[in-house]
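Here's the structure we're looking at; comments come further down.
The values are calculated or read from the model by the stated rules, or taken from the named source; none is laboratory data. What you are looking at is a predicted structure, and each value in this text was computed from that prediction instead of being measured. No Cβ is skipped: glycine too gets one built from the backbone with ideal geometry, and neighbour counts run over all protein chains shown.
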Amino acid sequence: MRRKILFLALLLFFFLPLHARAASLSVTPASGTFTVGSTFTVAVVVDTDGKPINTFEIFLRFPADRLQIVSPATGESIASVWVGQPRFDNRNGTIELRGGIPGGITTGRGVIANIQFRAKSVGDVFVRIGENSRVLANDGSATDILQDTNGAAYRIVLPPPAGPLVTSPTHPDQDRWYTEQQVTFSWGDEPNASGYSYVLSQNPIDAPDNISEGPRTNVAYAEVASGEWYFHIKALRDGTWGGVTHFAAHIDREPPAEFQVEIISGMWTTQTQPVVQFFSTDALSGLDHFEIKIVPLDGELDPNSLLFVEATSPHISPPLDVGTYDIIVRAYDKSGNYRVGTERLHIVGGLSRFLNDNGVVLGRSSVLPWTWLLAGILLVLVLVILILYWARRRHNKMHSVKPEEMLSPDVKAQLQELQMYRQKYAKTLMVFLAILASLWMGQAATAAEPLAPPLIISFSENISNQEIFYVGGQTVPEAQVILHLQSTETGEVFSTEVSSDRKGDWFYRHSGFLRTGEYILWAQVAADEEVSPPSPQVRINVETAAFEFGSSRLSFALIYFTATVFLVICVIVLLFVLYRYVMGIRRKRQRLLTDLRMIEEKIRRGFAVLRKDVEAELALLNRADGRELLPEEKFRAEELQRDIEKISERIGEEVWELEKDAAA
């Protein structure tokens with residue numbers, strides 16, 4: 001029975017759905033529309049989802065340029081204890097709420113605080129609850145049970161017109177950003193109006209003064225700076241000023257911030273679909289979208305590569321062939337301005353993965369220059385040659401040495417002394433035969449107004465003579481752009497035409513390689529039989545990356561690689577020769593040591609035999625049949641005894657002397 005109960009308990013534990021209690025924070029109302037200058041109140045509420053809580057810590061963020069806090073009221077709140085009054089910062093757009101509920105509380109919609117905002121300027125605003133906010137359970141362990149946070153989105157608009165009805169031919173949409181700096185406003189002629197007072201300012205609810213500007217019903221402002229501008233106007237009727245109408249005009253002529261185009265796999269890669277990352281910001285109108293174009297600098301031209309396509313980061317490129325490309329990215333803001341970022345991509349295969357015209361690729365973006373590599377190999381080659389020269393001299397010296405030259409003066413004196421003793425005692429010992437027959441050596445070895453010139457925005461500024469030149473920019477829509485490319489060395493000018501599209505974008509890619517040198521590029525635009533003045537000139541440098549033989553080209557990378565391989569082979573051969581020399585010297589040294597030990601052994605034996613003969617002669621003198629030795633015999637016996645002592649000393653010293661000679 002107990003087993004069945006346990007089994008059922010396990011089934012209920014593992015298979016029945018569990019309901020996890022979790023709290024949530026929300027800002028209410030979740031949405032709304034408010035006018036500039038008005039105030040509105042939002043509440044921060046908590047839902048404990050049936051679990052008691054006793055502490056909270058909440059961080060709110062809001063856009064300080066569009067909202068400001070008037071008062072963070074805590075009157076209607078479930079919190080009875082506050083860790084200080086709510087803190088807010090209108091400069092940075094932050095609010096901090098910290099409090100507690102002694103004994104805990106369980107609620108489905110408990111108001112923590114009411115916050116009163118004032119709308120400062122037109123636009124969409126978001127009030128968010130920070131990720132570091134916490135709601136702690138009343139469980140004695142201070143468990144954070146906050147699971148969900150829900151912010152709010154509000155729209156701030158201008159007050160409804162209280163005066164003349166205003167329109168703008170140049171900036172008709174009050175929510176849209178424009179690049180046009182000349183702003184024109186028009187308004188309907190009010191009945192019985194004798195004049196109007198108006199002003200253009202950056203205050204969304206400004207009021208014009210009480211001085212009439214006359215009965216005109218339109219006004220134009222020239223060269224208005226980038227920013228959010230507001231036109232305010234009121235009418236004078238029968239000596240009384242009426243209400244004010246506000247009209248917004250947004251101008252942004254600044255492109256997005258400069259940015260870098262990053263290739264995840266590196267500028268040199270074997271991946272045929274590399275991933276490209278890019279990021280930018282815009283201070284005024286805000287970033288709208290990115291566009292990307294991949295231009296091949298060698299190989300055949302794909303017509304689709306001339307088109308920009310909208311992209312998001314990270315962007316996976318379409319399949320590309322082995323070759324060199326320029327990746328051009330445009331960052332657009334909401335007014336149509338754009339910033340260009342460019343990065344060069346090399347897709348390689350085989351040895352090209354590690355070699356290029358600049359050097360040897362060591363990492364994603366690190367390249368060891370050919371000059372450094374060749375200098376290092378040459379330095380190693382010189383060192384190997386010097387070592388080989390030393391080994392050769394050592395080898396020749398070992399080869400030409402004679403046996404008697406390897407012996408120290410002391411050893412030579414010992415040999416002469418041994419010979420003297422042998423002659424003295426009439427014994428013959430041939431000690432030089434083995435020495436003379438034992439020594440051998442071996443050998444080894446890189447429009448209304450006059451038609452404005454086109455803008456040159458992106459071009460291949462620094463290329464090699466094996467990469468294709470390209471240029472692109474902006475001008476009037478559907479016009480002919482005339483490009484002029486002049487060599488500074490020969491003065492020869494190349495001209496061609498390309499058409500702009502409906503947005504005014506144009507792009508040209510040269511059909512062949514340019515010769516090495518410096519070029520000047522400028523452009524003109526032709527529209528309606530009118531030709532613009534020349535554009536500002538830009539300079540293009542074409543560096544040498546290949547030798548040119550008519551229509552044939554020999555890459556520097558191939559030349560450097562061949563030279564490197566040749567030098568490496570030379571170093572390997574010289575190291576092999578050096579190895580042969582060193583091994584020959586070692587073998588010769590071993591042979592000399594062996595021969596010298598043989599000499600030592602023969603000298604030892606020679607002295608041993610000599611000692612035996614001397615001892616025999618001394619014994620013979622001592623057997624004098626009991627008679628007293630004559631003075632001559634005593635002198636002879638003493639001499640023999642001294643010779644025996646010297647011979648014994650010589651036999652013990654030979655090993656050290658000969659090993660010392662061999663080591664030298």
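Residues are listed down the side, and each one gets a yes or a no for (1) touching a helix residue (DSSP H, G or I) at 6+ places or on another chain (Cβ under 7 Å); (2) of a type outside the set (S, T, N, Q); (3) at pLDDT 75 or above:
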residue	(1), (2), (3)
N541	no, no, yes
F549	no, yes, no
L554	no, yes, no
V571	yes, yes, yes
F576	no, yes, yes
R587	no, yes, yes
Does S133 satisfy being buried (at least 16 other Cβ atoms within 10 Å of the Cβ), among the small types (G, A, S) and under 38 Å from the mean Cα position of the chain (by Cα)?
yes
Against the definition (charged (D, E, K, R), within 48 Å of the chain's Cα centre (by Cα) and over 25 Å from S285 (Cβ atoms)), how does D148 come out, yes or no?
yes
Please indicate, with yes or no, whether at least one residue in the stretch 222-239 is at pLDDT below 90, crowded, with 18+ Cβ neighbours inside 10 Å and hydrophobic (A, V, I, L, M, F, W, C).
no
Check E417 against each of (1) at positive phi; (2) modelled with pLDDT under 70; (3) acidic (D, E) and name the one condition it does not meet.
(1)
Here is a check on your reading of the model: is P160 modelled with pLDDT under 95, over 30 Å from S133 (Cβ atoms) and out of contact with any strand residue (DSSP E or B) (no Cβ under 7 Å at 6 or more places or on another chain)?
yes
Do we have I78 as among the β-branched types (V, I, T) and assigned to a loop (DSSP other than H, G, I, E, B) here?
yes
Contact list please: Cβ distance under 9 Å, first residue in the stretch 88-104 and under 20 Å from A43 (Cα atoms), second residue assigned to a strand (DSSP E or B) and among the small types (G, A, S), pairs at least six apart or on different chains.
I95/A113; L97/A113; G99/A113; I101/G110
If you take the residues of the stretch 506-534 that are within 36 Å of the chain's Cα centre (by Cα) and outside any strand (DSSP E or B), which of them is surrounded by the fewest Cβ atoms within 10 Å (Cβ to Cβ)?
R515
Would you check if there is a residue in the stretch 2-13 being outside the structural domain of T149 (by TED's automatic domain parsing) and either at pLDDT 90 or above or among the aromatic types (F, W, Y) (or both)?
yes
Restricting attention to the stretch 33-57, which residues are of a type in the set (D, E) and more than 46 Å from the chain's Cα centre (by Cα)?
D47, D49
Can you tell me which of L381, L374, L368 is surrounded by fewer than 18 Cβ atoms within 10 Å (Cβ to Cβ), under 19 Å from T562 (Cα atoms), modelled with pLDDT of 60 or more and in contact with a helix residue (DSSP H, G or I) (Cβ under 6 Å, 6 or more places away or on another chain)?
L381
The number of residues in the stretch 161-178 that are outside any strand (DSSP E or B), of a type in the set (S, T, Y) and under 17 Å from E254 (Cα atoms) is 0
Residues in the stretch 265-278: is at least one within 30 Å of T35 (Cα to Cα), out of contact with any Leu (no Cβ under 8 Å at 6 or more places or on another chain) and at pLDDT 90 or above?
no
Counting just the residues of the stretch 91-105 that are at pLDDT 90 or above and surrounded by fewer than 16 Cβ atoms within 10 Å (Cβ to Cβ), which one comes out farthest from the chain's Cα centre (by Cα)?
R91
Mind checking which residues of the stretch 114-132 are assigned to a loop (DSSP other than H, G, I, E, B) and among the acidic types (D, E)?
E131
Residue check: is V481 closer than 14 Å to S532 by Cα, among the hydrophobic types (A, V, I, L, M, F, W, C) and either in contact with a His (Cβ under 8 Å, 6 or more places away or on another chain) or part of a loop (DSSP other than H, G, I, E, B) (or both)?
no
For the stretch 179-212, the count of residues that are of a type in the set (S, T, N, Q), assigned to a loop (DSSP other than H, G, I, E, B) and under 55 Å from the mean Cα position of the chain (by Cα) equals 5
Does V295 qualify as being at pLDDT below 90, more than 20 Å from the chain's Cα centre (by Cα), among the hydrophobic types (A, V, I, L, M, F, W, C) and assigned to a strand (DSSP E or B)?
yes
Take the conditions farther than 30 Å from N337 by Cα, of a type outside the set (S, T, N, Q) and at pLDDT 90 or above and apply them to Y178. Does it pass?
no
